Each structure stands twice: as C-alpha cells, then as structure tokens.
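Have a look at the structure below, then the notes.
The values are calculated or read from the model by the stated rules, or taken from the named source; none is laboratory data. Keep in mind the model is a prediction, meaning the values are calculated, not measured. Here the Cβ is made from the backbone with ideal geometry for all residues, glycine too, and neighbour counts use every protein chain on show.
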Amino acid sequence: MAKTKIGRRAALGTALALPALNVRAQSEPVTLISHRYPALEWYADKMKSALPGVTVDARLMPSGDAGQLQRLQFSAASPGMDILWLNGSLMAFYAKNGWIEPLDDLIAKFKDEYKLGDINPTSLKGLSYDGKIYGLPLTTNTLMYAYREDVFAERKLQPPTTWEQQVEIAKQLHSPRRSGTTLSLKWDMPPYELSSVLNTVGDGWFDKDWRPIFQTEKGQKAIDLYKRLSAFAVPGFTSQANDENTVNFAQDVAATGQQWATRCATMDNPQRSKVVGKMQWAVPPGGRQALSTDGYAISKFSAKNKEMLFRILAKALDEESQRGAADLATPTRRAVLNDPAIQAKFRWYPAVSKCLEVGEPLPALAEFNEAGELACKRIVQAIIGQLPVKEALTTGAAEVTELLTRRGYYKG
Amino acid sequence: MGESGPMWLFMAPSVLVIALVLFYPFFSAVYYSFFNYYLGSQAITFAGLDNYTNLLSEERFWITLGNTFFIVGCSVALQLVLGLALALALYACTRGVRLISLLNFLPHVVTPVVGGIFLKWMFVGRWGLLDATLIGFNIFPPDWLGDPGWAKFTVILADTWKFMPFLMLVLYAGLQAFDTALLEAARIDGASPWQLLWYIILPMMKPLILFVVAIRTMDAFRFFDLIYVLTNGGPGTATETITLYTYQIGFRLLEVGRASALGVLTLIVVAMMVAGLIWFMQRRGREAF
C-alpha cells in the first residue's frame, strides 16, 4: 500500500515537473558577451526586452576581456555564448575561422519586418568578410581629436593639422595638474591610438602583400614623434584604455587627446564630468585615424534557434532603439543619422561626420589582432624608452613577419 | 595483501579526482608541447622539440624569467620582513590582538582581481586615491604604473599587501608555540630585546621561516592576477612574468603548443627551485637548527 502511494506521488510529481522542465529548457537564457560602453549597455538592455519570454544574460566587460572570452568560447566550440559584440577586426578573424554565422539569408528574410534596408551600406561593409555579412552594425565609431575649447580660446590655439603641431600644443598646455594630452596604450588600444600617426607621418601598418611597413624610416619618425608627445601625457598611459581616458578628460586632468565618438556624451554629463560644455572635437591631425564598425553577431556554436537570435539583434537595433541611443553612438540607420533634429541636438555630430569621411578601418587582415599585439608591444617599449625606436620597430616587424609566415602568408 | 584491497578502494575516489584535475591536464600540456597547435586552425602538426628550442632562443623568454625572479625575490623578502615584524609586534601586544590580526588578514581574504582593481584605482595617475591625495598637498608623485621601475615597485607592493598577512599569521602562530621560559631566562641574564630576537627567537623560528618562504616562493612564481589587472605586464615588458607571457601566447595568440611548452619549462624551473629549497631545509635540519 505504502509502495503504491509513493509510486503515485512519484508519477504525479514527474507529471507536474515535466512541463516545468520543458519550459525551463525553452527559456534557457540567451547569452551575450559584449564590450562595455554606454551605447552597448543601452543595446544590451534593449535585447533583454526584445522578444517576450526570452531572457538575455548580458555579460559586459572591457573590450580586451570580451575578445578573449569570445575566443575561448569559440576555440572550445562552446554553446555557452549565443550572441556577441564585435568590431571589424574581430569579425574578420572569427569569420575566417568559421566561428560566426553569415547573416545574408537572415537579413534578406527579415529585411521588411525590421526595415534592414535602412542600415547604412558602409556600416554593413565594415562587418563583411569575403563577400558575406557577419554582423548587424550598431555604430561606426571613430577616433576624434578632443580638446578643451575654453583653454584653446584662452591661449588662442587652433586644433592641430599635423602631429608635430600636436606635440607643440601638448607641450604648451602641459602643467603638473593638467597634462597636455592623454594617451591610451593598454591592451588592444595601441593599434587604434597609433593609426593616425602611423598613417600620416609613417607609411602605415602593412603593404599590399601584408608585409609590415610600420618599421620604415618614416614609421620610426612617427613613433619617435609619439614618444616626444608621451612626455606631456597623463601618467600611467600604458595601463590606460578608453575608460581611464574618458575619466582623464572628465576629471579635467587632460587638455587634448584622441577620444572615441561613443565617449563624447559622457563629457556633457554633469554627474560624471567636471568639463560640461568645455570639450570640443575635431579631426585628428592629418586624419586617417582609426574607424571601427561595432556590431553584433551570432555564434556558429549556439544551440539556440538562429532566427530567434537574429530577431533579438534586429529588434534591439530598430529605428526607435537607435533614436534612443543617438547621444551614445553614431547610428547606422540612415533615418536616424540624417534626421536634422538629431544632427542639431548632439553638438559632436558635425565633427563625427567629418571624422567618418577621413578615417580608415584597421588593416583588413584576419590576424591583425595577433599581429597588432606583437607589433604594439615593441612600439610601446620604444615609446617608454625601454628600447631604442629603431631596434623596437625592426624587432616587432620581424616578429610579425614570423607570425604571419606561421599563419601561411608569403608563400611563393 | 588482504588488507590492501579495501585501502585502495578508499583511495580510489581521490586518485580519480587527482588524475582528472592534475595528471590529465599535465600530460596533455606535455603532449601538446611537441605539436604546432594553433586554435585558429584545424591542422595540428608534430613539431618535435621546436617549441622548446624556439622559446629558449627567444630574448623575451629570458626577460620574463628575469622579471619573475626579481619580482618574486623582492616580494617574498619584503613580505617576510614585514610579516615577521608584525608577528613580533602582535606577540608583544597584550590587548586587541585578535582584532588587529583580523584587520591585518583582510587583504588576504579579498579576491585577487577585486584587490587588483582596488589597487588600480589607488595607483592610477593623477585621479587615483594616492595621486589625488598627494597632489592635494602639492606633491607630484611618480608614474606608479607607467614607469618601468615604479611599475615593478608597485606590483611588488601589491603582492606584499595581499600576501604578507599570510606570513604574519603563520609566524605569529609559531611564536605562540614558544617556550616562554627561555625568553624569561634570557631576560634575567640581561639580554636586550635585539639580543632576544637575534639569539633566541630567530634561531628557534628558522624551520618555520624556511617553510613559509618555500611555500610563498612557489606560490609567487605563479603571480598573475594582480599584475594582469594593474599593468598587464607593462609598460612594455617591465612587469611581464613568465605566467603572463604564457597567457599571452596561449590566450591572445592562441598558440596552444608554444604555450604548453612554456608551461612545461616553467614547471621545470619551479621544480628545480623547490628541490633546491627542500635540499637546503633538509641540510639545515641535519644541522639541528
């Protein structure tokens, strides 16, 4: 009798638990691994409410950490990451390895429902590899020359048009309490930070055959110039990235420097900034500064329904959402970007438009993250005086050549 | 023989766990160290000893090894001196010992990464707690994290802040086990506090001191998290230790074969160092210190 009772209870319990277990399996959260800046926080929140009944577990962290975690997930073929933030450089690497889904079919299927034809083709191109689109772009970000308008007016200065002029300006504005400039040379930042000076004073990063050219005579001149500039930088610049750079400006300890467009809004936020209304932006000296298209992609190893994942991304990046985030990141939807009311509302937009015209993405080399890491380690050694400039750059170039040879370049 | 059967049965779970978490990764690392294994490629090719010879001929390997020895040496020495001083101070204290030792131990309880972030906001240039305070008094401090020399000093200080409490507590526990009659006798004979320390306390604590130094040295050789958060090995390669370099090869360049070879080389270096310390301890033990 007792046995029957237990059996009935067990059967009843199992019957009751089954639907719950099923619901649990269906509502397993969608995992997002993303870099963190205000616009990405906004879109991560939008994803959480994009589809009813679908929970999104958003894990936001600095870009270096995000990229590393993503690589670990991919290399283990883990289904633990469903959607991810990426930029053009990461996209090329992931796409080449077959780690992310091409989105062309999904874009075609949901084009009308989510008005995807409105997305700027240039931004889509920024997340394309080998003729296929691998990410939905959220912004095309650009580095800008940020400067203290009040200080420049007081000293009757104009934004520099060459990097030599920038060294002079930084020297002039440098004081113990407010440094002449702020630099970001931590982690994955140096390739972006150094692009403008290497592209305008030097010969750039690579030639058309992917052989390094950052170590040429002109390249040495460019890095030597940056070394001179670093004498007027906020201390600790080798351990500073975007967050620290933003605080340097916001806390009034830097007069000039390069800043991503996505950080401009913070400067006018009275809760975070001591310099509200005092910052202004221009094209970095000589232009050709780093551009980066940021977007979201779908992991090839995700066990979730790919259409459902795509709908989360498309919904989070719809027109209404991009309007709400217009102060945080340059929108990729033309309806928002070209809206005169938006253009007038955010005072840094005119400078952003000019920067987008003259900027350049990082080299479209799938292994650029790795090559850049090796090159920049040596470049930073040159900037801080750990190695002579020429020795550092030639060593870095040799290491990059060796790496790319191992990766199968330069055959024949 | 009859009794060893059940004994093995009892040991089986622990042996299985050790095999899974220790032997499997270890032998995998040794195995992969003989291959060209890049995570971005499907092909894994046999490389023989190439990974080892390439690493040993790299200047950067020797620089990071040198950095590791320097940082570990300075850090453990500083921890020992401060830990011993604090343990002696606690030993001399008559009131509030528990509270003081608890407060001193707090840094050791904090997760290393959280501790690293906390220290980073202290040492960061211009608006960090330390800089902001000193600048308030018109004192302009050095570039703690950006100057190669000061960055080394800062990571040594950070490691000391984190691990000195461990040494202090172990040494304090050792002092508690002292036969106070010896100290009393020396005092009656007119020994000064320095003489007590030099001729009574330190000789009696030698085995314990050697033990904690050995443990901390082995542990410090794996020093990673605090440096990772504070300087990420920079500026340049100034604070890049061998574990950070292994991390860079494995997790940034995704070269599992080379990273495994570097891991095996690190293991050999640490094993040699530990063997040296054990030999030293045993030799001293025979001399009945």
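Structure values in brief
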| read-out | value |
| --- | --- |
| Matching residues in segment A:197-211 - criterion: being outside any loop (DSSP other than H, G, I, E, B) and in contact with a Lys or Arg (Cβ under 6 Å, 6 or more places away or on another chain) | A:199, A:200 |
| Residue within segment A:169-190 that is assigned to a helix (DSSP H, G or I), touching a residue at least 12 places away in the same chain (Cβ under 8 Å) and under 21 Å from the mean Cα position of the chain (by Cα) present | yes |
| Count - residues of segment B:11-54 that are among the aromatic types (Phe, Trp, Tyr) and assigned to a helix (DSSP H, G or I) | 7 |
| Scan of segment A:235-246 for residues that are within 11 Å of another protein chain (Cβ to nearest Cβ) and under 20 Å from the mean Cα position of the chain (by Cα), ordered by number | A:237, A:238, A:239, A:240, A:241, A:243, A:244 |
| Residue A:249 being within 14 Å of chain B (Cβ to nearest Cβ) and of a type in the set (Phe, Trp, Tyr) | yes |
| Leading residue by the ranking (farthest from the other protein chains (Cβ to nearest Cβ)) among those in segment B:248-281 that are within 25 Å of residue A:93 (Cα to Cα) and of a type in the set (Val, Ile, Thr) | B:249 |
| Some residue of segment B:42-56 being more than 30 Å from residue A:399 (Cβ to Cβ) and loosely packed, with under 15 Cβ neighbours inside 10 Å | no |
| Test result for residue B:267, surrounded by fewer than 19 Cβ atoms within 10 Å (Cβ to Cβ), modelled with pLDDT of 90 or more and closer than 19 Å to residue B:219 by Cα | yes |
| Residue A:231 being surrounded by fewer than 17 Cβ atoms within 10 Å (Cβ to Cβ) and of a type outside the set (D, E, K, R) | yes |
| Test: residue in segment B:103-118 that is out of contact with any strand residue (DSSP E or B) (no Cβ under 9 Å at 6 or more places or on another chain), free of Cβ contacts under 8 Å to residues at least 40 places away in the same chain, within 14 Å of chain A (Cβ to nearest Cβ) and of a type in the set (Phe, Trp, Tyr) | no |
| Scope segment B:119-145; condition facing another protein chain (nearest Cβ under 9 Å) and under 23 Å from the mean Cα position of the chain (by Cα); matching residues | B:120, B:123, B:144, B:145 |
| Of all residues in segment A:366-383 being small (Gly, Ala, Ser), more than 9 Å from every other protein chain (Cβ to nearest Cβ) and over 18 Å from residue B:59 (Cβ atoms), the one that is surrounded by the fewest Cβ atoms within 10 Å (Cβ to Cβ) | A:372 |
| Residue identified as more than 17 Å from residue A:383 (Cβ to Cβ) and in a strand (DSSP E or B) among A:143, A:157 | A:143 |
| The one condition in (1) under 14 Å from the mean Cα position of the chain (by Cα); (2) in contact (Cβ under 8 Å) with a residue 40 or more places away in the chain; (3) surrounded by fewer than 20 Cβ atoms within 10 Å (Cβ to Cβ) that residue B:226 fails to fulfil | (3) |
| All positions within segment A:400-412 that are out of contact with any strand residue (DSSP E or B) (no Cβ under 8 Å at 6 or more places or on another chain), more than 10 Å from chain B (Cβ to nearest Cβ) and closer than 24 Å to residue B:251 by Cβ | A:404, A:405, A:409 |
| When residues of segment A:167-218 are limited to those that are within 14 Å of another protein chain (Cβ to nearest Cβ) and over 24 Å from residue B:142 (Cβ atoms), the one surrounded by the fewest Cβ atoms within 10 Å (Cβ to Cβ) | A:191 |
| Filter result for residue A:119 (over 29 Å from residue A:186 (Cβ atoms) and within 19 Å of the chain's Cα centre (by Cα)) | yes |
| Pick from segment A:384-399, criterion within 11 Å of chain B (Cβ to nearest Cβ) and in contact with an Asp or Glu (Cβ under 9 Å, 6 or more places away or on another chain), ranking: surrounded by the most Cβ atoms within 10 Å (Cβ to Cβ) | A:384 |
| Output for segment A:319-347, where each listed residue is assigned to a helix (DSSP H, G or I) and either touching a residue at least 12 places away in the same chain (Cβ under 8 Å) or of a type in the set (Phe, Trp, Tyr) (or both) | A:319, A:321, A:322, A:323, A:324, A:334, A:335, A:336, A:337, A:342, A:345 |
| Among (1) out of contact with any Ser or Thr (no Cβ under 6 Å at 6 or more places or on another chain); (2) within 14 Å of chain A (Cβ to nearest Cβ); (3) modelled with pLDDT of 90 or more - the single one residue B:231 does not satisfy | (1) |
| Residue check, residue B:168 in contact with a Gly (Cβ under 9 Å, 6 or more places away or on another chain) and on the phi < 0 side of the Ramachandran plot | yes |
| Members of segment B:234-247 that are in a helix (DSSP H, G or I) and either at pLDDT below 90 or away from every other protein chain (no Cβ under 13 Å) (or both) | B:242, B:243, B:246 |
| Test for residue A:105: is it within 14 Å of chain B (Cβ to nearest Cβ), assigned to a helix (DSSP H, G or I) and charged (D, E, K, R) | no |
| Qualifying positions in segment A:307-318 - outside any helix (DSSP H, G or I) and surrounded by fewer than 21 Cβ atoms within 10 Å (Cβ to Cβ) | A:318 |
| Qualifying position, being more than 14 Å from residue A:189 (Cα to Cα), out of contact with any strand residue (DSSP E or B) (no Cβ under 6 Å at 6 or more places or on another chain) and in the same structural domain as residue A:280 (by TED's automatic domain parsing), among A:231, A:254, A:261, A:241 | A:231 |
| Residue pairs meeting the criteria (Cβ under 8 Å; at least 6 apart or on separate chains; first assigned to a loop (DSSP other than H, G, I, E, B), in segment A:216-230; second modelled with pLDDT of 95 or more) | A:216/A:202; A:216/A:203 |
| Close pairs from segment A:83-108: first over 14 Å from residue A:300 (Cα atoms), partner among the acidic types (Asp, Glu), Cβ under 6 Å, at least 6 apart | A:87/A:294 |
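Okay, residues lined up against (1) of a type outside the set (A, V, I, L, M); (2) within 21 Å of residue A:186 (Cβ to Cβ):
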site	(1), (2)
B:223	yes, yes
B:227	no, yes
B:230	no, yes
B:246	yes, yes
B:249	no, yes
B:257	yes, no
B:262	no, no
